[in-house]
């Protein structure tokens, strides 16, 4: 060992200070017992201080000059071995807890330096990679990205002579001419729905004739006719919903809207009776009178369905006519007076039947 026993032990392998009672170096984990015994074994030879002769082990006087061997002639290494052996024989509770290394010792600092150096190098490398990627994405390779200089010469040949403009670019008269006003859009909707009602009337008439023919046949097939009647009923219901959604805020075509609404209700009443008849036939009812009971009960003397007859009587006279929006107020009053004066018999009967059907 390198120090006195009163100052504690020093590891002969790494130089770490070792607390009393430890037999294993806490830094390099070397066996201190073996090291002390080896040192004591090497330094067991003794020499006489008077004549320098070698003193045999266990002798108390010099065999050469006869001088007594002093106690201090025992080497410090031997004393250290004896003291270490005594410390090992004494039980110490503190020896079970490993001594904490000094956080500020040179050994600890040297052990931590490689780890800190690796972390610092890794952080700098990551910072360079991330910064380069951000620079590559956000900054195009333009030598003058913020240059305010013009790259092309401006054409000044017409400077001071801009010419004449009759209107601003935003005031496009062509778009204004092509835009339709609200009354024109309403008239187109009313006129289109009026034509669709005429087509559906023809489909309902054809469906009723198909049902009567199938009931008179020997091997009737009602499946196709029943599906066709269902489709016609759905189309009619959707058309009436569209008529009810027409904008009536201007009031110009309110009379026409009411007229086609009445026409649609007559067709819907006729369609409901027709659907009931098709459902009975398709369900296996073979009694012709029972199947056609609803349709025949609504028949007139001329053989037509009453709702069909009302529709045909008023369809042509209720054809929508385009009106001038500027004369909407006067036009509405004149049209209502003319409708009340002309064809009073048909209008009165049609209006009363429409109210009853609704």
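Applying 1/(1 + (r/R0)^6) with r as the Cβ-Cβ distance of residue 184 and residue 276 and R0 = 56 angstrom yields a FRET efficiency of 0.85. Highest mean first, the peptides 271-281, 249-259 sorted by other C-beta atoms within 10 Å per residue fall in the order 271-281, 249-259.
Suppose R0 equals 22 Å. What FRET efficiency, 1/(1 + (r/R0)^6) with r the Cβ-Cβ distance, do residue 20 and residue 70 give to the nearest 0.05? With R0 = 22 Å, the Cβ-Cβ based efficiency is 0.20. At a threshold of 8 angstrom on Cα-Cα distance, excluding pairs fewer than six apart, so keeping six or more, what relative contact order does the stretch 242-324 reach in percent? Once divided by the residue count of the stretch 242-324, the mean separation gives 33 percent. Fully extending the segment from residue 258 to residue 319 would add 20.8 nm, taking 0.36 nm per residue of separation and subtracting the current Cα-Cα distance.
Any read-out appearing in this document is the output of simple, stated calculations on the displayed coordinates, not a laboratory observation. All figures in this text were calculated on a predicted structure; none of them were measured in a lab. Here Cβ is always computed from backbone atoms with ideal geometry, including for glycine, and neighbour counts include all displayed protein chains.
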